[in-house]
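The values are calculated or read from the model by the stated rules, or taken from the named source; none is laboratory data. Predicted model, so just to flag it, every value in this text is computed and none were measured. Please note: Cβ atoms are built from the backbone with ideal geometry, for glycine as well, and neighbour counts cover all protein chains shown. Protein only, heavy atoms only, side chains kept; ligands, DNA and RNA dropped before computing areas. Shrake-Rupley method; radii C 1.70, N 1.55, O 1.52, S 1.80 Å.
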Amino acid sequence: MKDYFVLLVLMISLFAACSSEMNGDENNRKEDVVSLSFSLLDINGTPCNEFAYGDPIIFDLEIDNKKNKPIILFHSDKDAVDLQLGSDLFKVYSEEDKREMGTPWSGMFCEYSLAPISLPASTQSHLYCSWFGVNEDNKYRCSYPLCKDADNVPLPKGSYFVRFSIECSQNAPRTSSFSIPFKVK
């Protein structure tokens, strides 16, 4: 089952890349600006799709800057990569009746700062949030620009899936969609 999950995460990573045209190239090639990958992690940061009841579930979106220069995230500027995070980000649904269970976060940009986030050249950043419970150093609570007022109650035992889309734009908009099934035992 873990092999299936790892394969699923890799396939999602391959299909979820934002691209833009490379300016000044005589062949007018396409260049990956940002690639996005999504996974569910256990408290140790290991990809996982089966959790024991009461264990933390960490939602992790990896943002990979493929350019050889810094990029600005979450900002509408000609040199920025604007990632539009919607209200469905990390949204969990019950597999049985497709009922919305909620999201691990309660707001965005709660720190009263709309400052853009700079991602240095050829680096990765993680946007993450835990459904509830974090390790002792609050490592997985929520990363900026996500925030939360209080932990969610543990998900009841059962089958779930998380599904969301992100619009990425630099020159031309492109949507990346993610969906991962998981279980609470």
Seminar exercise, completed: Taking segment 94-112 and keeping only residues that are open to solvent by less than 40 Å² (accessible area, probe 1.4 Å) and either modelled with pLDDT under 90 or assigned to a strand (DSSP E or B) (or both), one is left with Ser94, Gly102, Trp105, Gly107
For this session: Would you tally the residues in segment 137-172 being among the charged types (D, E, K, R), loosely packed, with under 13 Cβ neighbours inside 10 Å and modelled with pLDDT under 85?
Result: 2
For this session: Check segment 47-69 and report whether any residue there is more than 30 Å from Lys157 (Cβ to Cβ), loosely packed, with under 15 Cβ neighbours inside 10 Å and modelled with pLDDT under 90.
Result: yes
For this session: Please specify each residue of segment 31-46 satisfying the condition of being surrounded by fewer than 18 Cβ atoms within 10 Å (Cβ to Cβ) and at pLDDT below 85.
Result: Glu31, Asp32
Problem set entry | Residues (open to solvent by less than 50 Å² (accessible area, probe 1.4 Å) and touching a Cys at 6+ places or on another chain (Cβ under 9 Å)) located in segment 173-185 | Ser176, Phe182
Exercise. Of all residues in segment 113-136 being modelled with pLDDT of 75 or more, over 22 Å from Asn65 (Cβ atoms) and in a loop (DSSP other than H, G, I, E, B), which is least open to solvent (accessible area, probe 1.4 Å)?
Worked result: Trp131
